[in-house]
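J.: I have a structure here, written as structure tokens, and I will follow up with some questions on it.
The values are calculated or read from the model by the stated rules, or taken from the named source; none is laboratory data. Model, not experiment: these values are computed from the prediction. So basically every Cβ, Gly included, is an ideal-geometry build from the backbone, and we count neighbours across all protein chains shown.
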């Protein structure tokens, strides 16, 4: 039985990855910080909170990571933990850097010192492209991050490449474009929209305030994307991959899908609030997943409409249960 160690196991991606790995017959362990405000609700939502082992530790404390790896003895480590909300990264740039950037370095160093045979996955982000230099972003597109979060992710990405080339560690980075689900945090725009549509449909709210709804994103389903993480670590050689749908949609169009799913017209309820604009906007993200398709055999399986309707349905059930 293989053992996987997941940082960020209580997050959206961590929960779906844990579920997938359990289905593959893995023993699954997860890092959880004592200071973390996360709960186990995502693991409980997927009915597997009793099936994973939780180990205390912190990405900002390399000694705790060494102890955790020595205790767990994993063959694969997935670094999914981060301060992952772009908006918050302007308000907490130092925390974002310590956790998202240096956390990856601490974990790589712990692996190097403990067991260099461990295969390592780093969760990179399309936010590293930022002010995009090509209309269709591939693994060769230059990076130009536009937020402290994007900059921190870029450090984590390149330090993974550096440890792969300098110490021959098996380190892969998945450059994931936006991926959502009913487990997405309420502060993210997709979940904000589906939750808002549910609340308005049930008569609890009348309007939904958003920022730039003309920005474009490449959205997929998190449950599809975690399979690609695992596939990367099963290859003969470590490499980096774009994971995306290859299709881009505006926030406006995503709102239209969500409100149509509950029989409403989004134009009657969306209010544009200039206060919600970011200091530096990322206007377009569109991934080219050709390399992942050719080398991993991976493709996104869930359409944006299926994804948003799934999220709206889940939010309707959740909000209705609270009334």
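J.: Which condition breaks for residue 273 when tested against (1) within 22 Å of residue 176 (Cα to Cα); (2) touching a residue at least 12 places away in the same chain (Cβ under 8 Å)?
T.: (1) is the only condition that residue 273 fails.
J.: Within region 154-263, considering only strands (runs of 3 or more DSSP E) that don't extend past its boundaries, which have at least 3 residues that are without any contact (Cβ under 8 Å) to a residue 40 or more places away in the chain and under 25 Å from residue 132 (Cα atoms)?
T.: none
J.: Of all residues being assigned to a loop (DSSP other than H, G, I, E, B) and modelled with pLDDT of 95 or more in region 77-128, which is surrounded by the most Cβ atoms within 10 Å (Cβ to Cβ)? Just the residue, please.
T.: 80
J.: Go over the candidates 293, 275 one by one and state the one that is assigned to a helix (DSSP H, G or I), modelled with pLDDT under 95 and not assigned by TED's automatic domain parsing to the domain that holds residue 131.
T.: Working: 293 fails: modelled with pLDDT under 95.
Just one listed residue meets the conditions, 275.
J.: Can you tell me which residue among 3, 39, 10 is in contact with a strand residue (DSSP E or B) (Cβ under 7 Å, 6 or more places away or on another chain) and either surrounded by fewer than 20 Cβ atoms within 10 Å (Cβ to Cβ) or at positive phi (or both)?
T.: 3
J.: Going through region 296-320 one residue at a time, which ones are closer than 16 Å to residue 178 by Cα and either in contact with a helix residue (DSSP H, G or I) (Cβ under 6 Å, 6 or more places away or on another chain) or modelled with pLDDT under 95 (or both)?
T.: Once the filter is applied, which keeps residues that are closer than 16 Å to residue 178 by Cα and either in contact with a helix residue (DSSP H, G or I) (Cβ under 6 Å, 6 or more places away or on another chain) or modelled with pLDDT under 95 (or both), region 296-320 yields 299, 300, 301, 302, 305, 308, 311.
J.: Which residues, taken from region 239-255, are surrounded by 21 or more Cβ atoms within 10 Å (Cβ to Cβ) and closer than 23 Å to residue 75 by Cβ?
T.: The answer is 241, 243.
J.: Name the residues in region 129-143 that are modelled with pLDDT under 95 and either in a helix (DSSP H, G or I) or out of contact with any strand residue (DSSP E or B) (no Cβ under 9 Å at 6 or more places or on another chain) (or both), would you?
T.: The answer is 130, 131, 133, 134.
J.: Taking region 56-76, which residues are under 21 Å from the mean Cα position of the chain (by Cα) and either assigned to a loop (DSSP other than H, G, I, E, B) or without any contact (Cβ under 8 Å) to a residue 40 or more places away in the chain (or both)?
T.: Selection gives 57, 58, 59, 60.
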